[in-house]
Amino acid sequence: MSTTIEQAVRALLDERLALGGFSAAAVAVAVDGETVLELEVGVKASVDENGERIDPDACAPVTRDTMFDLASITKLASAHTILSLVQAGVLDLDEPITAKLPSYRSDAKQRVTLRHLLTHTSGLPASWHGWEQPLLQHLESRPADAPPLAATPFDDREALLADLLATPLVAAPGEHFRYSDAGYNTMMALAEAVTGEPWESLVTGRTLRPLGLDGALSFGAPAQASVATEYDTRFGRGLMRGAVHDETAWVLGGRGASAGLFGTAGGLLALGEALRTGRGEILGEWMWEPQLGRMLGPGRERDTPSGYDHSLGPRIGQLNMMGRSGWNVRGHTGFTGTSVQTDREKGISIALLTNRVHPTRHGAGISGLRGTLADAVYVATGRADAEAMTRPLPPELW
């Protein structure tokens with residue numbers, strides 16, 4: 001089985017690598033709790049700090065311990081962290097967050113709950129852009145020959161979070177599903193306000209360490225241990241390597257609830273396996289059970305852009321990511337070209353890491369790779385849904 005899976009996965013990765021979809025990729029697969037594949041292809045970076053192409057013979061290859069920017073997969077760890085505070089009685093899933101956040105004591109915002117935020121049904125917009133104009137103004141004041149920004153130029157994180165919390169709703173809570181980074185970062189601001197602890201400490205102490213992931217997943221990573229992401233010219237960051245790609249998380253110091261975690265394929269697979277085995281109330285129930293029917297009303301369980309349902313954190317049955325056999329699979333994607341998925345019924349977990357935004361987010365990309373790779377794994381294990389495999393995969397956004 002392992003040989004068959006490796007042959008199928010390697011062929012898919014090599015094809016996309018040749019097309020320029022990424023410079024680096026790593027895949028890890030577990031079947032019935034046993035890791036049957038760990039595979040890496042490509043190089044950590046194809047351009048240097050000046051944006052110049054690196055001689056292929058001088059490129060550093062991807063290895064088993066190479067770290068990738070997980071992007072929005074961070075939301076799974078964030079959800080677990082928030083739910084641990086619910087389990088401890090510090091927060092409540094269905095109490096309006098205005099009870100803890102005074103800035104939410106106005107208009108429809110006073111109805112927003114943690115359950116809304118976890119399921120992207122709060123009515124908040126996709127993103128918060130309060131940082132963007134101040135950053136552009138800062139860049140205008142810098143000398144033309146100034147070095148790239150290695151870190152956020154903003155030192156008042158509380159002021160940034162206050163601006164985030166002032167973000168108006170664009171719909172009433174519970175009216176629509178709208179994927180929202182702003183919603184997850186609102187939960188982060190709430191958790192920090194209630195506990196008095198910084199977000200990194202909360203995630204490490206309540207999620208990474210208890211799940212045995214401390215070190216395998218982390219906020220940021222050493223540059224030389226990481227694959228490069230985008231060569232940024234708009235916000236003065238240059239080549240991003242070991243620093244989070246997501247602009248909002250970077251502005252907030254690299255520690256966000258929407259993005260910020262880095263990890264190896266093996267570390268990400270361990271997170272998927274923790275969700276599959278479902279130890280305890282958080283992983284076993286809250287992060288597994290469907291929620292959108294409850295939040296939006298009966299019959300709207302898959303009222304999302306790609307027709308998937310949602311639990312308190314993971315997506316459910318996102319076929320363009322999870323493959324044609326993935327109707328009951330849980331997981332998440334990341335903008336940088338990452339994904340993790342897990343299937344309790346068929347005992348399969350898959351972690352896919354790429355840097356599809358290197359050296360630019362406008363490159364060949366990996367459209368369709370996630371679902372096709374999942375299909376290949378299910379076929380190789382003999383656990384594919386034969387009828388479903390006759391249908392086309394839905395298109396993927398990126």
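What nm distance separates the two modelled labels at Gln133 and Asp385, each placed 7 Å from Cα along Cα→Cβ?
4.8
Give the Cα extents of segment 165-287 along the principal axes, in whole Å, largest first.
So the extents along the principal axes, rounded to whole Å, are 41, 38, 29.
Could you give me the ³J(HN,Hα) list for segment 197-210, computed from phi with Karplus coefficients 6.51, -1.76, 1.60 and θ = phi - 60°, whole Hz, x at Gly and Pro?
Working through the residues one at a time gives 9, x, 4, 4, 5, 5, 5, 5, x, 9, 10, 5, 5, x Hz.
State the three equivalent ellipsoid semi-axes of segment 59-124, derived from the C-alpha gyration tensor as the square roots of 5 times its eigenvalues, in descending order and whole Å.
34, 14, 9
Note down the magnitude of the dipole of the chain about its Cα centre, charges +1 on Lys and Arg C-beta and -1 on Asp and Glu C-beta and zero elsewhere, to the nearest 20 debye.
With Lys and Arg at +1 and Asp and Glu at -1, about 700 debye.
Starting from the alpha-carbon convex hull of segment 67-346, give the projected area averaged over all orientations, in nm².
Averaged projected area of segment 67-346's Cα convex hull equals 14.4 nm².
Full-extension gain between Ala364 and Glu140, please, as 0.36 nm times their residue separation minus the C-alpha to C-alpha distance.
Residue separation times 0.36 nm, minus the Cα-Cα distance, leaves 77.5 nm.
How far apart, in nm, are two points set 7 Å out from the Cα along the Cα-to-Cβ line at Asn328 and at Ser201?
It is 4.3 nm.
Once you have the Cα-Cα distance between Glu52 and Phe154, take 0.36 nm times their residue separation minus that, and quote the gain in nm to one decimal.
Additional length available on full extension: 33.8 nm.
Would you calculate, for the chain, the mean residue ellipticity at 222 nm contributed by helices, counting each DSSP H stretch of 4 or more residues as -39,500 (n - 2.57) and dividing by all residues, to the nearest 500?
Calculated from helices alone, the mean residue ellipticity at 222 nm is -8000 deg cm²/dmol.
Could you give the DSSP H helices of the chain that reach 15 angstrom or more along their long axis (alpha carbon positions) and whose average Kyte-Doolittle hydropathy is no lower than -1.0?
Membrane-span-like by this rule: 2-18, 74-87, 181-195, 265-277, 369-380.
Over segment 10-139, what is the relative contact order in percent, taking alpha-carbon pairs closer than 8 angstrom and at least six residues apart?
Normalised by residue count, the contact order of segment 10-139 is 12 percent.
Given Cα pairs under 8 Å that are at least 6 residues apart, what percent is the relative contact order of the chain? Walk me through the intermediate numbers first.
Working: 834 pairs, mean separation 94.4, N = 398.
Answer for the chain is 24 percent.
For Gln7 and Thr98 in one chain, what is 0.36 nm times their gap in residues minus the Cα-Cα distance, to one decimal in nm?
Contour length minus the Cα-Cα distance gives 27.5 nm.
Per residue, how much space in cubic angstrom lies within the convex hull of the C-alpha atoms of segment 1-147?
With only Cα atoms used, segment 1-147 gives 219 Å³ per residue.
Over the chain, how many pairs of lysines fall under 30 Å by alpha carbon, counting only those 8 or more apart in sequence or from different chains? It would help to have the intermediate numbers written out before the result.
Working: Lys44/Lys75; Lys75/Lys100; Lys75/Lys109; Lys75/Lys346; Lys100/Lys109.
Total qualifying Lys-Lys pairs in the chain comes to 5.
If you take every residue apart from Asp385 with its C-beta less than 14 Å away from the C-beta of Asp385, what net charge results, scoring Lys and Arg +1 and Asp and Glu -1?
Net charge in that neighbourhood comes out at 0.
Report, by chain and number, residues whose modeled amide H sits under 5 Å from the one on Ser325, excluding near sequence neighbours (fewer than 5 apart, same chain).
The answer is Asp385.
Using θ = phi - 60° and the Karplus relation 6.51 cos²θ - 1.76 cosθ + 1.60, list the HN-Hα couplings for segment 236-242 in order, rounded to whole Hz, with x at every Gly or Pro.
Each residue of segment 236-242 in turn: x, 9, x, 6, 9, 8, x Hz.
Coordinate-derived values only; no laboratory data. Bear in mind the structure is a predicted one, so any value in this text is a computation, not a measurement. We place every Cβ from the backbone using ideal geometry, glycine too, and count neighbours over all the protein chains shown.
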